Amino acid sequence: MFALQRVRQFRLLSALVVGSIVCCAKSVNEPGNMSFVKETVDKLLKGYDIRLRPDFGGAPVAVGMSIDVASIDMVSEVNMHLHSR
């Protein structure tokens, strides 16, 4: 029961953070709005403990991600190192 509540809280928090970022994304470059953005994010993250993973005490949480590479700048064949942007 507690684990399910933590997952729901995490999902709600994630949705709120993403929503606030999307709403403020257009005007974030204006210097006067930076304090508003910081204040909003601080309010959303109040009480959040970064040391605890979602569903703490329960089964591991699968986290997936995808990366889209826009361009590859340079590939060094000598040491097999690439630079991307």
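The table for this structure:
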quantity	calculated
Near-label residues of the stretch 4-18 by backbone N, under 20 Å of a point 7 Å along Cα→Cβ of residue 39	16-18
Virtual spin-label span in nm between residue 8 and residue 63, 7 Å along Cα→Cβ	2.4
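Each reported figure results from applying straightforward, stated rules to the coordinates on display, with no laboratory input. The structure displayed is predicted, hence computed values, not measured ones. Cβ sites come from the backbone with ideal geometry, for glycine too, and all protein chains shown count toward neighbours.
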